[in-house]
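Structure first, then comments.
The values are calculated or read from the model by the stated rules, or taken from the named source; none is laboratory data. These figures come from a predicted structure and were not determined experimentally. Here the Cβ is made from the backbone with ideal geometry for all residues, glycine too, and neighbour counts use every protein chain on show. Remember, those area values only see protein heavy atoms, side chains included, never the ligands or the DNA or RNA. Shrake-Rupley method; radii C 1.70, N 1.55, O 1.52, S 1.80 Å.
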Amino acid sequence: MRDQEERWPVEASASIYKGRVIGLRADTLRMPDGQTAVREVVEHPGAVSVIALDEEDRVLVVRQYRHPVGHRLWEPPAGLLDVPGENPLHAAQRELYEEGHHRASDWRVLVDLFTSPGTTEEAIRIYLARGLTEVPDGERYVGQHEEADMTIAWVPFEELVRLILAGELHNPTLVAGVLALAAARAGDGVEALRPADAPWPQCPF
């Protein structure tokens, strides 16, 4: 069983909005029954996220304000695929350095997902990073805007699982990444995860 790429005919497409990060367009689709219907699509460059796991089985998380939902959320380091020519693994390594102040020697793919396929084309790849080393103070990235006052914490993995299932944590990449890691451990093990450079046809680069 696998998801299958399929494109229904687009009779017309109109751009509604173009912003700094996202766009909005209206596609008129030809349905299988011959009728047409308009579907609004949020255009998005895609993103990556990192579940960084240390030798004490703790996960690095950052606390960031998210204006659309009016919350400060605990999240893994993450970011947009908005640097021309940068592949997803390099983007994930950059985000771990910038937001988490760490580098990692072991990278694997945890899970790929569409965030909300009914409304946006956004695809996210979540990586597992191990073999962590801290970036010295003088080499750290200085964040701006929402990143300027981010808090970093190390949380035991099993505690994150408990908090997610208790409904206390809501960031989708944290939920998907942590539960994917729990499933990997309960299944074939972390070593059986896909390599960091595994193909990602849903978000070509």
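Of note:
- Gained length - residue 22 relative to residue 202, 0.36 nm times residue gap less alpha-carbon distance: 63.0 nm
- Under-5 Å amide H pairs with residue 121, H placed in peptide plane, nonlocal only: 42, 44
- Here the label points at residue 153 and residue 166, each 7 Å from Cα along the C-beta direction, are separated by 1.1 nm in the simple model.
- Of all DSSP bridge pairs formed entirely within the chain, close to 85 percent run antiparallel.
- Restricting the GluC sites (Glu not before Pro) of the range 81-143 to loop positions (DSSP other than H, G, I, E, B) with no more than 15 neighbouring Cβ atoms within 10 Å leaves 86.
- Mean separation of Cα contacts under 8 Å (6+ apart) over length of the chain, as relative contact order %: 21 percent
- Longest site-free stretch - the chain; sites: trypsin sites (Lys or Arg not before Pro), DSSP loop, at most 16 other Cβ within 10 Å: 21-139
- Backbone geometry of the range 57-64 corresponds, through the Karplus equation with coefficients 6.51, -1.76 and 1.60 at θ = phi - 60°, to 3J(HN,Hα) couplings of 6, 10, 10, 7, 10, 10, 9, 9 Hz, x marking Gly and Pro.
- Cβ-placed point charges (K, R +1; D, E -1), dipole of the range 1-57 about Cα centre in debye, nearest 20: 660 debye
- Helix-only arithmetic for the chain: the sum of -39500 (n - 2.57) across DSSP H runs with n ≥ 4, divided by the residue total, places the mean residue ellipticity at 222 nm at -5500 deg cm²/dmol.
- Cα centroid separation, the range 158-201 to the range 1-54: 25 Å.
- Residue 41 contributes an accessible area of around 30 Å² to the protein surface, as traced by a 1.4 Å probe with all chains present.
- Accessible surface computed residue by residue for the range 43-199, with neighbouring protein chains in place and a 1.4 Å probe, gives 51 Å² per residue.
- Using a probe radius of 1.4 angstrom, the carbon and sulfur fraction of the accessible surface of the chain is 51%.
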